[in-house]
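The values are calculated or read from the model by the stated rules, or taken from the named source; none is laboratory data. Everything numeric in this text was worked out from a predicted model, so none of it was measured. Quick reminder, even Gly has a Cβ in these numbers, built from the backbone with ideal geometry, and neighbours come from all protein chains shown.
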């Protein structure tokens, strides 16, 4: 099993890169992991639907037919950390070769990406910057894996 975080790259922020690398390395101690960034097209705000469609097409092109897909979506299911852990274990045991976690760009993802997802998780009802969302997801994946393995990190 391999976990992949598929995101849209707009601009690089040092704090985000350092934090993502920190959690990516922690996750790699448990499972094969990589981050894949899709370049966001340079389109202005009035062209947000076109931008979302282009980003979504690249996401769909990246996915394999047998991938297990978890979409981070404000309208998705809100989970606590223990439920995330149980869900990660089910995904690992699913006999799929790859689980792709998708964090969309500023304008979200197309209905085609939503339809392709196996699960939709919400990190919060609050809207957050996609770099923050990526970091929160990475920390929750790490936390979920430590819960699964019984490693002291998560406090009740």
Residue 52 versus (1) more than 18 Å from residue 141 (Cα to Cα); (2) assigned to a helix (DSSP H, G or I); (3) in contact with a helix residue (DSSP H, G or I) (Cβ under 8 Å, 6 or more places away or on another chain): which is the lone unmet condition?
(3)
Can you tell me which of 89, 113 is assigned to a helix (DSSP H, G or I), surrounded by fewer than 16 Cβ atoms within 10 Å (Cβ to Cβ) and at pLDDT 95 or above?
89
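For residue 156, indicate whether it is more than 21 Å from residue 32 (Cβ to Cβ), out of contact with any strand residue (DSSP E or B) (no Cβ under 7 Å at 6 or more places or on another chain) and outside any helix (DSSP H, G or I).
Yes; evaluated as a whole, the condition is true for this residue.
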Residue among 104, 144 that is surrounded by 20 or more Cβ atoms within 10 Å (Cβ to Cβ) and out of contact with any strand residue (DSSP E or B) (no Cβ under 7 Å at 6 or more places or on another chain)
144
